[in-house]
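Right, one structure below, let's go through it.
Laboratory data are not the source of any read-out in this text; all were calculated from the coordinates shown. All values reported here derive from a predicted model rather than from experimental measurement. Counting neighbours? That spans all protein chains shown, and the Cβs are built from the backbone with ideal geometry, glycine included.
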């Protein structure tokens, strides 16, 4: 068989290189915390919040890393004038390390904000600090550890695909035995680049939520999204997917090329194929990673 596209015959083997953002193909040396730190340093606060939120909901953070993530979230939220979330992040820092202080290198405005948060937190009896076995603060004093949080779970089934321009009705159920979750947020975007838009899901009672992906976002080749369960201050406590491992809905173009060929922003010319070989080359320095795809035809 001779596959053809636009009247041209294809060779037996076709190779292409697709550029992938380093944020989505990180080397082992680049953690989400490091990426979030760099985005904050470069004044990309929305990106920093997106990255750090993904970092904090993943298991395995060390205590110093966890504290730094919440601290960077607090700085980023305040830079975005999202003061409720900033205060929530600082309270989580203080619950884990009551002796924590902000760096003297930050602006007086940030220092004053933190001082007011600390005063309110102490006046309320230091909520979040448990009374069990003591741990050591950053200044060498003893503090009580944070009580283990109750498990939160988001149950959701992602639809495999949707027609172009048609809204997608999504449902999810939040299992929250400790009543930690105040809202369920849907974050979504077209394709696989850019900032995720955010919208609150509608509570249906009994932990059920519903939300709609708008039709104008549903365009080929795909839509990416994830759910975040957030507490009363907007800090994520659990997620289904995240900015670096989102859920995906394919949006096929009638007679077009499959969505997976488009990932990374480039398109492969493909006819009838019998196999696909994929290889990822990690990013080096400031250079983006590359995704090498070889399509073998009949």
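Computed values, structure above
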| item | result |
| --- | --- |
| Leading residue by the ranking (nearest to the chain's Cα centre (by Cα)) among those in the stretch 182-209 that are over 25 Å from residue 46 (Cα atoms) and surrounded by 13 or more Cβ atoms within 10 Å (Cβ to Cβ) | 209 |
| Residue match in the stretch 80-95 (condition: in a helix (DSSP H, G or I) and either free of Cβ contacts under 8 Å to residues at least 24 places away in the same chain or on the phi > 0 side of the Ramachandran plot (or both)) | no |
| Residue count for the stretch 49-72, restricted to those that are over 10 Å from the mean Cα position of the chain (by Cα) and either part of a helix (DSSP H, G or I) or within 16 Å of residue 110 (Cβ to Cβ) (or both) | 10 |
| Residue satisfying condition, being in contact with a strand residue (DSSP E or B) (Cβ under 7 Å, 6 or more places away or on another chain), assigned to a loop (DSSP other than H, G, I, E, B) and surrounded by fewer than 19 Cβ atoms within 10 Å (Cβ to Cβ), within set 150, 158, 179 | 158 |
